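The values are calculated or read from the model by the stated rules, or taken from the named source; none is laboratory data. Being a predicted model, the structure only gives us computed values, none of them experimental. Ideal geometry is used to build each Cβ from the backbone, glycine not excepted, and the neighbour counts take in all protein chains shown. We work out accessible area using only protein heavy atoms, side chains counted, and drop any ligands, DNA or RNA first. Shrake-Rupley method; radii C 1.70, N 1.55, O 1.52, S 1.80 Å.
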2 protein chains.
Amino acid sequence: MSHDLIEKLFVRYFDNEILQQQGDSALLKLPANTISFTTDSFVVDPLFFSGGNIGKLAIAGTVNDLAVSGAEPLYMSASFIIEEGFSLNELEEIVKTMAQEAKKAGVKIVTGDTKVVDRGKCDKVFINTTGVGYLPKKNRVISSGEKIKPGDKIIINGSIADHGMCIMAARNDLNISSAIKSDCAPLNGLIKEALAVSNNIKFMRDATRGGISTILNELVSGKEFGLEIDEKEIVVHENVKGICELLGFDPFYVANEGKVIMVVAPEDASKVIETIKKNEFGKEASIIGEITEAHPGKGWIITGIGGRRVIDMLAGKQLPRIC
Amino acid sequence: MSHDLIEKLFVRYFDNEILQQQGDSALLKLPANTISFTTDSFVVDPLFFSGGNIGKLAIAGTVNDLAVSGAEPLYMSASFIIEEGFSLNELEEIVKTMAQEAKKAGVKIVTGDTKVVDRGKCDKVFINTTGVGYLPKKNRVISSGEKIKPGDKIIINGSIADHGMCIMAARNDLNISSAIKSDCAPLNGLIKEALAVSNNIKFMRDATRGGISTILNELVSGKEFGLEIDEKEIVVHENVKGICELLGFDPFYVANEGKVIMVVAPEDASKVIETIKKNEFGKEASIIGEITEAHPGKGWIITGIGGRRVIDMLAGKQLPRIC
């Protein structure tokens, strides 16, 4: 598998007028000069799973990091580290998926790099994607969350823990694995629709590694407000719940790849919910809690049976190679 | 070695006001809305070598890709894939070097990512850097090379093959290895100085993987002009020449990490040479050849003894993990 062959593959699938310049850098004209910029390396194991593959993840992950900052994802780089002897067919499948997902998300892959390492020096393929998005002026305060106030509603666009448990099931060769599908999806369309109906979305973050608990914890940590989550409003699919119990995971700490947590002013919350429910990635959206004046710096979960438990940071090691 | 520990390391050394926002994306204000955008993954083996380490390479490589497009490097992402059990001291040494080199080059590392994989699933550490630079209007034609004409001079800022042979010597445990130092260096300063004295720099490219032959070949391939290189103007240090002969490499095909090839209008060539000779990375700069009307699409080397040989693309496999 030569460099040349691989690069032809990328040019064929990622084809666009900027990539065709074929320099070592891409020249980009942006609609304005304030941008959002983000990077992620993807090392997921296995490479292919129900609902996606490493390529889909590499596009969706970076698109989502841009979108939650309030930016419109525009351009992306893609860099591959490939193990000598990795199947060209599988690589083509991954690249094809990336091209499809990039098209869906409306981003162009404009520059890239390939390194091949000897057998045993990496695990099949690792992908880095780095994204550039245009940040409209009105969205510039979203990423800091500085406008958040007690009474604001906390929204999520659907069920939790699907991605992490899909990967764990696949890795453990559990028979039920086929039933759990990763939620991996680019959310920029859904987010754009929500931002179009409300100027009061005050914070967004995609709940990836560390799950929703990690985001909810960061949201209040060191702040003058707290939050409360109503556990019965959190959707956990039955098969995901089952495998969480089987393997001993708390779904609140399990990675998602297509879930955004939003903080929205109370007067706009139902409008935002209605809008995102119409999107294919928001059908199970719900208001899961709110920002409180009480217990500043702390998040509490109101459990199904009326109890309360604090939302901690994940203790111990994160699951490796979930994304 | 926990994620937390690693991320603290990055924040400590790469410290700047944008990184401190600590979102998943960095918000950047650029001086204008035309940018240059480039990515590279670094997998060099060994990690530490005479004249640098993987961290220096990761900064210089991306800075140089931006600079040769005519852009001023401004911001960079840094993404790490780390093998479980990799020495925290070595990681710190690499990160420290990256911070120093970024400072020298005047770029800020504004966002990042870390993935840890099990022992044996990568080789110590791989680093991706992706860069954003501001592209002044007058430099926008450089990267296409569309203004190149017969008679234009071809310039290089110094000796060739140092980086590749430094790595090969280190890898082969040759005793002479200590004498060969990689030329790894950020060239944006030198390039900026050259652009300040001449509006007739028509093309620039850093001669990395594949060496100067690959760049010279690409420069004329499919074009209506050719080029001629005067072999006696090419500087190859004696120790590099020696190891090239020993290991059977042609220095024209060996990677550099601090060398830029420029095509300059004849009336500006000596002015540009004088300027870059004053820079610490340009002391051995020379005019190595010129663009010709003759043999369009082909580059020829006029050898020391008055013979000629054609500049081919590298036949066979490139050296793996040189950068």
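If you go through the stretch A:20-35 one residue at a time, how many are crowded, with 18+ Cβ neighbours inside 10 Å and not hydroxyl-bearing (Ser, Thr, Tyr)?
7
State all residues of the stretch A:121-142 that are modelled with pLDDT of 95 or more, touching a Lys or Arg at 6+ places or on another chain (Cβ under 9 Å) and either assigned to a loop (DSSP other than H, G, I, E, B) or more than 9 Å from chain B (Cβ to nearest Cβ) (or both); if no residue qualifies, say none.
Result: A:121, A:123.
Let me spell it out: the conditions are (1) more than 14 Å from every other protein chain (Cβ to nearest Cβ); (2) part of a loop (DSSP other than H, G, I, E, B), and residue A:145 meets all of them except one. Which number is the exception?
Going through (1) more than 14 Å from every other protein chain (Cβ to nearest Cβ); (2) part of a loop (DSSP other than H, G, I, E, B) one by one, residue A:145 breaks only (1).
Which residue, of A:85, A:52, A:70, is under 23 Å from residue B:79 (Cβ atoms) and either within 9 Å of chain B (Cβ to nearest Cβ) or out of contact with any His (no Cβ under 9 Å at 6 or more places or on another chain) (or both)?
Checking each option against the conditions leaves just A:70.
For the stretch A:217-227, does any single residue satisfy the condition of being more than 14 Å from chain B (Cβ to nearest Cβ) and touching a Phe, Trp or Tyr at 6+ places or on another chain (Cβ under 8 Å)?
Scanning the stretch A:217-227, I find at least one residue that is more than 14 Å from chain B (Cβ to nearest Cβ) and touching a Phe, Trp or Tyr at 6+ places or on another chain (Cβ under 8 Å), so the answer is yes.
Just checking, does the stretch B:114-135 include any residue being within 24 Å of residue A:30 (Cα to Cα) and open to solvent by 10 Å² or more (accessible area, probe 1.4 Å)?
Scanning the stretch B:114-135, I find at least one residue that is within 24 Å of residue A:30 (Cα to Cα) and open to solvent by 10 Å² or more (accessible area, probe 1.4 Å), so the answer is yes.
Residues A:96, A:103: which one is surrounded by fewer than 20 Cβ atoms within 10 Å (Cβ to Cβ), within 25 Å of residue A:181 (Cα to Cα) and touching a Phe, Trp or Tyr at 6+ places or on another chain (Cβ under 8 Å)?
The unique qualifying residue is A:96.
So, restricting to strands (runs of 3 or more DSSP E) that lie completely within the stretch A:272-318, which ones have at least 1 residues that are surrounded by fewer than 16 Cβ atoms within 10 Å (Cβ to Cβ) and not β-branched (Val, Ile, Thr)?
Fully inside the stretch A:272-318 and qualifying: A:308-310.
Can you list the helices (runs of 4 or more DSSP H) found entirely within the stretch A:170-258 that contain at least 2 residues being touching a strand residue (DSSP E or B) at 6+ places or on another chain (Cβ under 8 Å)?
By residue number, A:188-197, A:211-220.
Which condition number in (1) within 14 Å of chain A (Cβ to nearest Cβ); (2) on the phi < 0 side of the Ramachandran plot; (3) touching a Leu at 6+ places or on another chain (Cβ under 7 Å) is the one that residue B:40 fails?
(3)
In the list B:132, B:43, which residue meets the criterion of being within 19 Å of residue B:15 (Cα to Cα) and in contact with a Phe, Trp or Tyr (Cβ under 6 Å, 6 or more places away or on another chain)?
B:132 is the lone residue from the list that is within 19 Å of residue B:15 (Cα to Cα) and in contact with a Phe, Trp or Tyr (Cβ under 6 Å, 6 or more places away or on another chain).
Taking into account only those residues within the stretch A:242-251 that are surrounded by fewer than 20 Cβ atoms within 10 Å (Cβ to Cβ) and touching a residue at least 40 places away in the same chain (Cβ under 8 Å), which is nearest to residue A:315 (Cα to Cα)?
A:249
In this structure, does residue B:89 turn out to be open to solvent by 30 Å² or more (accessible area, probe 1.4 Å) and among the polar types (S, T, N, Q)?
yes
Could we say that residue B:297 is modelled with pLDDT under 95 and among the small types (Gly, Ala, Ser) here?
For residue B:297, the condition - modelled with pLDDT under 95 and among the small types (Gly, Ala, Ser) - is not met.
Look through B:213, B:198, B:221 and report the one residue that is over 21 Å from the mean Cα position of the chain (by Cα) and open to solvent by less than 10 Å² (accessible area, probe 1.4 Å).
Residue meeting the stated conditions: B:198.
Restrict the check to the stretch B:152-172 and report whether at least one residue is at pLDDT 95 or above and open to solvent by 20 Å² or more (accessible area, probe 1.4 Å).
yes
Provide a single number: the residues in the stretch B:55-67 that are at the interface with chain A (Cβ under 10 Å from one of its Cβ atoms) and touching a Leu at 6+ places or on another chain (Cβ under 9 Å).
Matching residues across the stretch B:55-67 total 3.
Any chance you could count how many residues in the stretch B:37-83 are touching a strand residue (DSSP E or B) at 6+ places or on another chain (Cβ under 6 Å), under 20 Å from residue B:122 (Cα atoms) and open to solvent by 20 Å² or more (accessible area, probe 1.4 Å)?
Result for the stretch B:37-83: 2.
Picking from B:126, B:80, which residue would you name as being over 28 Å from residue B:281 (Cα atoms), of a type in the set (Phe, Trp, Tyr) and not assigned by TED's automatic domain parsing to the domain that holds residue B:200?
Exactly one residue qualifies, and that residue is B:80.
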